[in-house]
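Please treat every number below as a calculation from the coordinates, not as lab data. All figures in this text were calculated on a predicted structure; none of them were measured in a lab. As a convention, Cβ positions derive from the backbone with ideal geometry for all residues, glycine included, and neighbour counts pool all protein chains shown.
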Amino acid sequence: MRTLLTDAAHRAIRYVENVNDRPVRPDPKAVAGLTRWDTPLQNDPIDPVHVLRELDEVGSSATMAMSGGRFFGFVIGGSVPASLAANWLATAWDQNTGLSTITPGTSEIERISLRWLLDVLHLPATAAGAFVTGATVANFTALAAARRTVLLKHAWDPDADGLFGAPPVTIIVGNEVHPTVMKAVGLLGFGKKRVVRVPVDGQGRLRADALPTIAGPTIVLAQAGNVNTGAVDPLRAIIRWARDAGAWVHVDGAFGLWAAAAPSRAFLVDGLELADSWATDAHKWLNVPFDSGLAFVRDGEALRGAMSVTAEYLPKTTEQRDPSDFTPELSRRARGVEVWAALRSLGRQGVAEMIERTCRHARRFAEGLRGAGFEVLNEVVLNQVLVSFGTPEQTQRTIARLQEEGTCWVGGTVWQGRTAMRISVSSWATTEEDVERSLRAMIACGNSSRGRV
């Protein structure tokens, strides 16, 4: 085991040390070589040392350099050093962190991490939280608590009686709601076609002046961080309106929730703390390893009521927090360890500086591309930049050339009828040099696509 783990550590360290010296895209030859694995499973065991060597030699070059400083394709952070190292150690611990009496160490780390997160994000200190796989499941988890609460207020117990014959729950979203939120809505049985969609403004923010009159059980889904523009819905106005109607307000803040941690960006999420529940990703702007999502619910008993599980063989306590009482999973890895390590190493100031720095990088991208004669489509308020290089075909050609060229990696989108390149700056590892180097490549590819020399 020592030899194998030492070999794995050396290979992983080599990968991390070289990630910024290689093209960001996967090596096309390595991708073609993955067919080497597409064989029937052999009958006899193979030496683990050989298995690890094969995994590294065949697989490493076929990866996207997401952990480096020039991956801007999605809102994906790298892994800050402390969280990556903690991930390795926690994997060696191999703790199924569901019950505090069985895994007291990782359960306590999770409890402390949640308290720190509430502090950093300026959410109510008494809110409950859950570590899950990502924002999709975080939204699902928080909305399950919302569903239970709004139906119980109308004398219907969804846990006991299901949804057949239940009072209909009105779901209200902005017209640019993220598709994973709609996935959670569907999984919870609300019916995607029955959702009330509210118009948005020119940056994708839900228009508070267009909110409908409501009655009965209602859940309002607000957004902190439009996936294209980074824009934040007018949270305070939405929550004030919802409170008057007795509705539950949930905030999908997969990355935008972290604006609360940055002094210069916190104004964007004014009123955030007044909502009933929140969802975010730690593997985005906190830069911990995948997969790490977070759900927070103001009323802890609402979350526990929707998620807790009991069985005769499960040793439960009333004095300590059992993580499995707050998540959909019973069997689950110790995700809180990496979050604890990231927060412990960064502190409040380090988290704030990381958010501020990536936002500055985004503004520099916008400034440089605008100065080169290309059109920036959005107000760059957080870490998202949308750029048009001319016609849809010219923009698509630019993206394709940039991806093939390999200096950096970006994706495309169509937003409010415009084809655009989307730049998401989320990694702690991105430096000013990375930005300037990537800018030069973007401008060169954009000029080439438009026939400029």
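What net charge do the residues around R335 carry, taking every other residue with its C-beta under 12 Å from that of R335, with Lys and Arg at +1 and Asp and Glu at -1?
Taking every Cβ under 12 Å from that of R335, the sum is -3.
Among V196, A125, W285, whose Cα projects farthest towards the positive end of the dipole of region 85-342, with charges put on the beta-carbon of Lys, Arg (+1) and Asp, Glu (-1)?
It is V196, whose Cα lies furthest towards the positive end.
Once amide H atoms are built 1.01 Å from N in the peptide plane, which residues 5 or more positions from T218, or in another chain, come under 5 Å H to H?
Under 5 Å from the amide H of T218 lie the amide H atoms of T170, W248, each far enough along the sequence or on another chain.
Which entry in [x] 65, 62, 43; [y] 76, 48, 45; [z] 67, 58, 46 is this structure's computed Cα extents along the principal axes in Å?
[z]
Order these peptides, 190-200, 145-155, 227-237, by their mean beta-carbon neighbour count within 10 angstrom, highest first.
227-237, 145-155, 190-200
Looking at the calculated P(r) for region 2-68, what percent of the C-alpha pair distances fall above 17 Å? Could you put the intermediate results ahead of the total?
Numbers: 1102 of 2211 pairs.
Summing the P(r) tail past 17 Å for region 2-68 gives 50 percent.
Could you work out the Kirkwood radius for region 85-342, taking every pair of different alpha carbons, averaging 1/r and inverting it, reported in Å?
18.5 Å
Quickly rank 137-143, 319-325, 156-162 as a protection proxy: mean count of other C-beta atoms within 10 Å, highest first.
Details: 137-143: 28.6, 319-325: 18.6, 156-162: 12.7.
The most tightly packed comes first, giving 137-143, 319-325, 156-162.
Could you compute the FRET efficiency for A30 and L52, with r as their C-beta to C-beta distance and R0 at 22 Å, rounded to 0.05?
0.85
Which of M1, M307, M421 has the fewest other C-beta atoms within 10 Å, and how do the rest follow up to the most?
M1, M307, M421
Run through the DSSP bridge list for the chain and note the antiparallel percent, rounded to the nearest 5.
60 percent
On a straight-distance basis, which aspartates and glutamates could pair with K192 in a cross-link, Cα separation under 19 angstrom, same-chain partners fewer than 8 positions away excluded?
Cross-link targets: E176, D252.
On the principal axes of its Cα set, how long, how wide and how thick is region 277-415? Give whole Å, largest value first.
66, 33, 29
So if each residue of separation counts as 0.36 nm, and I subtract the Cα-Cα distance between E375 and R450, what length gain in nm does that give?
25.7 nm
Starting from the Cα of K29, draw a straight line to each of the lysines and keep only those under 30 Å, dropping any in the same chain fewer than 8 residues away.
Correct list for K29: K284.
Once phi is turned into θ = phi - 60°, what whole-Hz ³J(HN,Hα) does the Karplus curve with 6.51, -1.76 and 1.60 give for every residue of region 83-95, x standing for Gly and Pro?
Per residue, the Karplus-derived 3J(HN,Hα) values read 6, 5, 5, 5, 4, 4, 5, 5, 5, 5, 5, 6, 9 Hz.
Pop out the ³J(HN,Hα) list for region 224-234 in order, Karplus 6.51 cos²θ - 1.76 cosθ + 1.60 with θ = phi - 60°, rounded to Hz; leave Gly and Pro as x.
Whole-Hz 3J(HN,Hα) from phi for region 224-234: 10, x, 4, 5, 9, 9, x, 5, 10, 4, x.
Is region 140-226 rounded, prolate or oblate when judged by the Cα gyration tensor, a ≥ b ≥ c being the square roots of its eigenvalues, rounded requiring a/c under 1.5 and prolate requiring a/b larger than b/c?
Taking the square roots of the gyration eigenvalues as a ≥ b ≥ c, region 140-226 is prolate.
Between R22 and T39, what length comes free when the chain is fully extended (0.36 nm per residue of separation minus the Cα-Cα distance, one decimal in nm)?
Extra length from R22 to T39 when fully extended: 3.2 nm.
Calculated from DSSP H runs of 4 or more alone, at -39500 (n - 2.57) each and per residue, what is the 222 nm mean residue ellipticity of the chain, nearest 500?
After summing the helix terms and dividing by the residues of the chain, the value is -12500 deg cm²/dmol.
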